[in-house]
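Working notes, beginning with the structure itself.
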Amino acid sequence: MDGSNWIVLLIVVPMFSAILTTMLRGWAPAQRFITVVSLIACVALAIGGLASLGSNGVIVSQAGQWPAPFGISIVFDQLSGLLLAAASFVALCVYVYGLTSKEQEVGRGWYHPLFMLLMMGVNFSFLTGDIFNLFVAFEIMLMASYAMMCLGGGKQQLSQCYKYVMINLVGSTFFVLGAALIYGMTGTLNYADLAVCVAQSTMPGGTPLPSAFGAVAMMLLFVFAVKAALFPLWFWLPDTYHTCSITVAALFAGLLTKVGIYSLVRLSPMALAAPNIRGDGAFATILPFAAGLTMILGGLAALSMRETRRVLAMLLISHIGYMAFGLAIMTPTSLSGTVFYMIQHMLVMAALFLACGLIERYQRSSDLAETGGLYRQAPWLSVFFFVAMISLIGLPPFSGFFGKFLLLKEGFRLSSQGYWLLSALGLCTGFLTLLALGRVWIRTFWGPEHREGVAERIENVSDRIAVAPMYVGLAMLVIGSLTLGLGAEFFQGRTSDATAELNEPRSYVAAVLGPGAWPEIVAKGDESTSIKVANTHGGDH
Amino acid sequence: MTLLIAICVAVIFGVSIYLLLGRELKGMAMGLFLLSHGANLGILAMSGQPLRVVEEKTVLLGPPILTQASIPVDPLPQALILTAIVISFAVTAFLLTLLVATYRRVNHLAADELANDDRPTVLTTL
């Protein structure tokens, strides 16, 4: 336990670089240097941590040596590690892309600290081991994102920021209330302890878990669905991503919604929707509907939009449906598909938004009626956009295919429970994505250059230097997603390790609470189960 | 006691939802502030009630330090409230700053007029 405190560095490094870059406002080169170095450090720490984990390994750091249910646990396992590595990598690419962009000057030096604060919140939410700290992490992340959203302070930005703050603040209020109610019912906020409580269906005193727990679980589902932009709660997303600057949009597209999905992946199988709570069926009923409708309606909405950025925002939502699809089935395989899809979606969505930024730079607009002929103007941009597009659509050698394949196969395997419908909707969404992105491709990259004179050719040297980091960032993301696709066997091995125990988090609970804390369930008779408690706080049951 | 807190929370939530549904940004902001107060009050209820049955009589226990109550109230929710208050304080400050910035830019605080400016343009022909 002593040698494990280094994982806190994943939170501390972004925090300190945020503080340093705040103090160094006005000296942009130093700010850039610090931010790049600390982002690289985050990637290295996450990958190093992953490499040191075994297949079921969990690294736990108990803050201040307080034992688990009482203190704050910081937990690094396969799932957190994979997402931390992906998120830090995406952030690094987006930051490199934005090295020369204009909003850095508009924000008067605040861009860099806010970027790192956002990363601190994201890393913290992946690492934390209890619900209340998840709330705190969300708030850190959201405060940074509020401020980033209105950098520049245009009229549209301010009004969209208002909408974004409103919806997220309502969500946060319900989050804190839900966390309190869970504490009131189970007497714990620690994930592992909560999982034990739920698995035994008792509160620590030995009284059975009240049926209202299901209602609180729905409250938290609402909160995470708002953050993840699932079907009925997505309305805030397209407009906000449309008005902010492109690096900010790419960062949000890559990371923010995934944090909501991550929380669901972490919490629903082990606690919120565990089989003995699922008895009410609310989770199992609502999630498939939300997933299916998110996929198909997002795809249809993408077809109706006429600006590349809005098309991408709707596709972002639509593909979050795939992740919710894996969550709805909630078997280890489908969860593994969800996690794989999350990672690929982070890389690909950020790449597409960054490519859209370059389109806007070359053509002064991303309106499909005004763009055209970009293939001749910028062949490399076309290549990157094409690869990212094909990945999102999900053709075989690219990363999107493998995530979708896992999910769709699992859906058809469980078709007796009606999940084939979700798989069918998933296939349709693939086609809708193809249509929407194909239209973007035809209108932007093919055809004559619309509006002669508007299209800008990058010819002089200073413009080339300004564009170079953008291409580097974009290329890194595209190469990342290609690696994910070509090394799919390796990466799927890691994701299935990460999700193998989510339904019954034996090694997670053992690592956090100490060995023997997980109640082994001994089957007795046909349906009923009796629970033998090895070592808990509650006493005999 | 829990019932009393529950009624308070319900009233506060009701008022704040009424404010949130208004068309004026200042009122909506007030609604949000109230909402977070309601949530904090809700957390307070989780620390258990000071009314307990002691020796077959319902008594109101004082603060655990003053009376020698054998069952003190759980202090953790109060720590949670403190954190939640600090966070909602920060968000409140941000939201008020945003209000001032918006007002300086557009000289009104009506949600409808702000929303009118950025309707998405929908493709009519391919």
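A few points about this structure:
- Comparison of A:Val165, A:Val196 shows that the only residue that is open to solvent by less than 10 Å² (accessible area, probe 1.4 Å) and either within 10 Å of chain B (Cβ to nearest Cβ) or under 20 Å from the mean Cα position of the chain (by Cα) (or both) is A:Val165.
- Single residue of region A:476-504 satisfying the filter (touching a residue at least 60 places away in the same chain (Cβ under 8 Å) and more than 21 Å from the chain's Cα centre (by Cα)) that is farthest from A:Val265 (Cα to Cα): A:Leu486
- Residue within region A:112-126 that is in contact with a Gly (Cβ under 7 Å, 6 or more places away or on another chain) and open to solvent by less than 30 Å² (accessible area, probe 1.4 Å) present: no
- Qualifying residue in region A:24-31 (condition: of a type outside the set (Lys, Arg), farther than 24 Å from A:Leu502 by Cα and surrounded by 17 or more Cβ atoms within 10 Å (Cβ to Cβ)): yes
Matching residues to (1) within 14 Å of chain B (Cβ to nearest Cβ); (2) without any contact (Cβ under 8 Å) to a residue 60 or more places away in the chain; (3) acidic (Asp, Glu); (4) surrounded by 24 or more Cβ atoms within 10 Å (Cβ to Cβ):
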site: A:Gln200; (1), (2), (3), (4): no, no, no, no
site: A:Pro210; (1), (2), (3), (4): yes, yes, no, no
site: A:Val216; (1), (2), (3), (4): yes, yes, no, no
site: A:Val223; (1), (2), (3), (4): yes, yes, no, yes
site: A:Ala228; (1), (2), (3), (4): no, no, no, yes
site: A:Ser245; (1), (2), (3), (4): no, no, no, no
site: A:Val248; (1), (2), (3), (4): no, no, no, yes
site: A:Phe252; (1), (2), (3), (4): no, no, no, yes
site: A:Lys258; (1), (2), (3), (4): no, no, no, yes
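Okay, residues lined up against (1) of a type in the set (Val, Ile, Thr); (2) under 18 Å from A:Ala324 (Cβ atoms); (3) touching a residue at least 40 places away in the same chain (Cβ under 8 Å):
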{"position": "A:Ala388", "(1), (2), (3)": "no, no, yes"}
{"position": "A:Ala424", "(1), (2), (3)": "no, yes, no"}
{"position": "A:Cys428", "(1), (2), (3)": "no, yes, yes"}
{"position": "A:Leu437", "(1), (2), (3)": "no, no, yes"}
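- Positions within region A:1-23 being within 21 Å of A:Val94 (Cβ to Cβ), among the β-branched types (Val, Ile, Thr) and open to solvent by less than 30 Å² (accessible area, probe 1.4 Å), in sequence order: A:Ile11, A:Thr21
- Test for A:Thr444: is it closer than 17 Å to A:Tyr322 by Cβ and polar (S, T, N, Q): no
- Filtered residue count, region A:230-243, keeping only those that are more than 14 Å from chain B (Cβ to nearest Cβ) and either in a loop (DSSP other than H, G, I, E, B) or touching a His at 6+ places or on another chain (Cβ under 7 Å) (or both): 1
- Only listed residue being farther than 22 Å from B:Ala79 by Cβ, surrounded by 24 or more Cβ atoms within 10 Å (Cβ to Cβ), more than 9 Å from chain B (Cβ to nearest Cβ) and small (Gly, Ala, Ser), chosen from A:Ser159, A:Ser145: A:Ser145
- Within region B:12-23, being away from chain A (no Cβ under 13 Å) and either assigned to a loop (DSSP other than H, G, I, E, B) or surrounded by 13 or more Cβ atoms within 10 Å (Cβ to Cβ) (or both) holds for one residue alone: B:Val15.
- Residue within region A:89-102 that is among the polar types (S, T, N, Q) and open to solvent by less than 40 Å² (accessible area, probe 1.4 Å) present: yes
- Count of region A:179-189 residues which are more than 7 Å from every other protein chain (Cβ to nearest Cβ) and either free of Cβ contacts under 8 Å to residues at least 12 places away in the same chain or surrounded by 24 or more Cβ atoms within 10 Å (Cβ to Cβ) (or both): 2
- Scanning region A:489-513 for residues that are surrounded by fewer than 22 Cβ atoms within 10 Å (Cβ to Cβ) and small (Gly, Ala, Ser) returns A:Gly493, A:Ser496, A:Ala500, A:Ser507, A:Ala510.
- Enumeration of residues in region A:330-371 that are open to solvent by less than 10 Å² (accessible area, probe 1.4 Å) and either in contact with a Pro (Cβ under 6 Å, 6 or more places away or on another chain) or within 25 Å of A:Phe283 (Cα to Cα) (or both): A:Ser334, A:Leu335, A:Ser336, A:Gly337, A:Thr338, A:Val339, A:Phe340, A:Tyr341, A:Met342, A:His345
- Per-region count, region A:404-452, residues open to solvent by 70 Å² or more (accessible area, probe 1.4 Å), assigned to a helix (DSSP H, G or I) and modelled with pLDDT under 85: 2
The values are calculated or read from the model by the stated rules, or taken from the named source; none is laboratory data. Model, not experiment: these values are computed from the prediction. Note: ideal-geometry Cβ built from the backbone for every residue, glycine included; neighbour counts use all protein chains shown. Side chains included, ligands, DNA and RNA excluded: accessible areas come from the protein's heavy atoms. Shrake-Rupley method; radii C 1.70, N 1.55, O 1.52, S 1.80 Å.
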